[in-house]
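Everything below concerns the one structure shown next.
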Amino acid sequence: METFEFKAEMKQLLNIIVHSLYNHPEVFLRELISNSSDALNKARFRKLTDKDIVDPDADLEIRIEVDPKKDKFSIEDFGIGMTKEELINNIGTIASSGTLEFLRRVKEQKAAFEGNLIGQFGVGFYSVFMVADEVSVETRGADSSSKGYLWKSGGEGNFTIEEIDRKHRGTKISFKFKESAKEFSQDYRIKEIINKYSNFADFPILLNGEKVNKVTALWHKKTDELKSQDLDEFYKFVSNDFEGPLGHLHMSIEGVVNFKALVFIPKTAPSDLMRLHNEKSLHLYTNKILIQNDCKELLPEYLRFVKGVVDTTDLPLNISREVTQSSPEMLKIKSVITSKILSFLESWAMSDKEKYAVFYKNFGPLLKVGINSDFENKDKIIELLRFESSLRPKGELVSFKEYVQRMLSDQKEIYYLSGENREILERNPNLEYFNKHKIEVLFLTEPMDVFVVPSIPEYDKKHIVSIQKSDIDLKAEERIEKPDDNLTKSLISLFKAALGGKVEDVLVSKRLVDSPVTLVSGKSGLEPQMERMMRMMDKDFQKQKRILEVNITHPLIRNLSRIYLADTTNPILNKCINQLYEGALFIDGELNAPGDFIKRMTEIMQEATEK
């Protein structure tokens with residue numbers, strides 16, 4: 001037996017690894033399994049070219065044994081193994097010019113190191129000292145002339161190496177859990193960690209003789225090899241969903257960045273989708289080993305409903321592999337995945353409208369958030385937007401592109417109307433002109449619509465405008481009987497005087513056909529639906545005055561004109577004008593004093609029936 005002293009810097013490094021580097025002690029198992037997988041991969045490659053390799057028929061698997069009664073643990077692989085020199089160089093010392101720099105930066109930062117040194121020297125093995133006071137490593141290399149060795153250390157001052165009789169190629173690490181880590185001697189706890197981090201390892205992982213990793217890393221298969229049943233089961237595993245997905249997208253990208261991904265669109269959305277910021281999305285893997293189980297940097301917020309995995313070796317990880325660093329590579333991967341998902345959804349929208357309708361009903365509200373947050377992909381998201389319309393049956397959705405294709409030859413704008421639901425919108429007086437002329441109007445019924453659509457000024461060089469705005473460009477109706485201009489001006493003045501400061505203005509309407517009056521917003525005013533949303537978010541929000549438009553050809557307005565000609569002081573004029581105004585408020589869902597409205601209506605009916 002030979003005894004070796006750790007170098008001074010090695011002692012410091014071990015202390016940092018055990019007490020500062022890792023946030024979760026459970027990752028010791030991930031690191032050991034990862035090392036075993038690497039060793040098995042090397043052995044598998046070696047077997048292809050070396051017929052004299054030791055133990056050529058040894059199973060390429062990882063065996064883990066735990067004894068909860070004695071708090072003992074061991075992990076064994078039949079991989080490439082190590083020679084005495086490799087024991088000394090690989091796990092006895094850390095021979096790297098970056099080590100001292102690493103220690104210096106840790107000391108300066110006074111925190112867990114976040115540097116990109118994972119490829120410069122390995123520290124994964126040393127994580128075992130978080131859960132054990134003393135560790136034994138039995139190993140034998142793959143050469144036919146190799147010998148077996150036993151490495152032992154308490155992770156402090158020194159380590160020992162002695163020659164032993166080991167028949168099998170590979171490495172076995174064993175230890176007893178320290179008092180603070182006894183939870184890891186339980187079978188169920190080890191299974192949890194394997195399922196969390198190492199379920200997709202290349203090789204079988206046996207725990208006390210039972211295979212634990214039973215789900216295949218499907219993202220490493222070819223697209224034509226993926227079976228529906230396997231995809232459903234894999235989706236349920238990564239998403240914790242009880243039913244299969246609506247669809248999936250398989251990616252294998254090589255170029256500026258290299259990664260594989262398998263992502264899924266769920267069939268249903270959670271009830272609190274718009275408020276669910278902690279929803280798990282994409283899991284990040286490196287060589288099938290989990291790095292982060294909810295990597296928010298891989299997708300924009302508006303696509304957080306997407307589930308699945310991304311596997312890449314291109315990312316610079318921190319030294320503990322627990323958190324990825326902000327990097328150009330991460331941004332490139334995010335950009336590629338986002339673009340691929342949006343293109344995938346576009347293919348649904350074009351070729352499978354029923355499936356897209358299901359998706360849009362569930363996730364459309366969140367997708368729309370991307371309009372004001374992802375300017376790089378804004379045009380793609382706009383193409384994915386869908387709305388009900390005045391010329392299509394209830395439930396049928398149309399895109400801006402479809403709308404433009406159906407526009408009238410002389411139509412220059414895309415029109416929309418916002419409100420709580422289709423039934424309310426169809427009763428809106430502002431729709432009358434458009435219905436009469438068979439001009440299509442998009443119905444915006446989702447709360448998010450009033451924030452999204454106004455931020456899209458035009459589509460295909462056509463301005464997108466609300467029919468609730470006063471400055472909308474409509475052709476004047478050719479009327480059989482044109483009203484007297486002077487009488488019209490006097491009547492409009494009467495309306496203004498009766499309503500006082502309740503409205504911004506009173507105008508002659510071009511949009512009304514069957515209704516006597518309607519309320520519209522000024523050029524710089526907010527639409528009623530937007531105003532309601534603002535008041536919900538801010539109780540102190542000041543309601544804006546609106547413009548009352550009057551249909552001067554309506555029979556009721558004509559009757560008021562005759563009364564006005566006969567007697568400009570007739571009290572019925574003031575009552576009717578205020579009743580018309582509050583009726584318009586009622587239609588818009590803005591009437592705050594229904595008692596006064598009913599009382600005045602009763603008085604008007606009483607006077608009418610007396611005559």
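Reported count of residues in the range 559-574, each being surrounded by 13 or more Cβ atoms within 10 Å (Cβ to Cβ) and touching a residue at least 12 places away in the same chain (Cβ under 8 Å), is 6. Which ranges mark the helices (runs of 4 or more DSSP H) fully within the range 485-570 that have 1 or more residues being at pLDDT 90 or above and touching a Pro at 6+ places or on another chain (Cβ under 6 Å)? The qualifying helices (runs of 4 or more DSSP H) are 555-566. Of all residues in the range 578-599, which are part of a helix (DSSP H, G or I) and among the polar types (S, T, N, Q)? Selection gives ASN578, GLN579. Give all pairs with beta carbons closer than 6 Å in which a residue from the range 231-244 that is surrounded by 16 or more Cβ atoms within 10 Å (Cβ to Cβ) meets a residue that is assigned to a helix (DSSP H, G or I) and of a type outside the set (A, V, I, L, M, F, W, C); count only pairs at least 6 apart in sequence or on separate chains. Correct list of pairs: GLY244/ASP232. Of all the criteria given as (1) touching a strand residue (DSSP E or B) at 6+ places or on another chain (Cβ under 9 Å); (2) outside any loop (DSSP other than H, G, I, E, B); (3) of a type in the set (D, E, K, R); (4) more than 18 Å from ASN428 (Cα to Cα), the one not satisfied by LYS575 is (1).
A Cβ distance below 9 Å, combined with a sequence gap of six or more or placement on separate chains, defines the contacts here; from the range 491-502, residues that are among the aromatic types (Phe, Trp, Tyr) reach residues that are not in a helix (DSSP H, G or I) in the pairs PHE495/VAL503; PHE495/VAL506; PHE495/VAL517; PHE495/LEU548; PHE495/VAL550. Please verify whether the range 327-334 includes one or more residues that are at pLDDT below 85, surrounded by fewer than 16 Cβ atoms within 10 Å (Cβ to Cβ) and assigned to a loop (DSSP other than H, G, I, E, B). Taking every residue of the range 327-334 in turn, at least one turns out to be at pLDDT below 85, surrounded by fewer than 16 Cβ atoms within 10 Å (Cβ to Cβ) and assigned to a loop (DSSP other than H, G, I, E, B). Considering only the range 181-191, state which residues are out of contact with any strand residue (DSSP E or B) (no Cβ under 9 Å at 6 or more places or on another chain) and free of Cβ contacts under 8 Å to residues at least 60 places away in the same chain. TYR188 - this is the single residue of the range 181-191 that is out of contact with any strand residue (DSSP E or B) (no Cβ under 9 Å at 6 or more places or on another chain) and free of Cβ contacts under 8 Å to residues at least 60 places away in the same chain. Applying the criterion of being closer than 15 Å to LEU13 by Cα and assigned to a loop (DSSP other than H, G, I, E, B) to the residues of the range 152-166, the residue that is nearest to the chain's Cα centre (by Cα) is GLY155. Scanning the range 509-542 for residues being hydrophobic (A, V, I, L, M, F, W, C), buried (at least 17 other Cβ atoms within 10 Å of the Cβ) and out of contact with any Lys or Arg (no Cβ under 9 Å at 6 or more places or on another chain) gives a total of 5. Considering only the range 435-443, I want to know if a residue exists there that is touching a residue at least 24 places away in the same chain (Cβ under 8 Å), in a helix (DSSP H, G or I) and under 23 Å from GLY583 (Cβ atoms). Within the range 435-443 (the criterion being touching a residue at least 24 places away in the same chain (Cβ under 8 Å), in a helix (DSSP H, G or I) and under 23 Å from GLY583 (Cβ atoms)), the answer is yes, since at least one residue qualifies. Take the conditions (1) modelled with pLDDT under 95; (2) buried (at least 17 other Cβ atoms within 10 Å of the Cβ); (3) out of contact with any Ser or Thr (no Cβ under 7 Å at 6 or more places or on another chain); (4) closer than 27 Å to ASP55 by Cβ; LEU117 misses just one of them, which is (4).
The values are calculated or read from the model by the stated rules, or taken from the named source; none is laboratory data. Here the structure is a predicted model, which means the values were calculated and not measured. Here the Cβ is made from the backbone with ideal geometry for all residues, glycine too, and neighbour counts use every protein chain on show.
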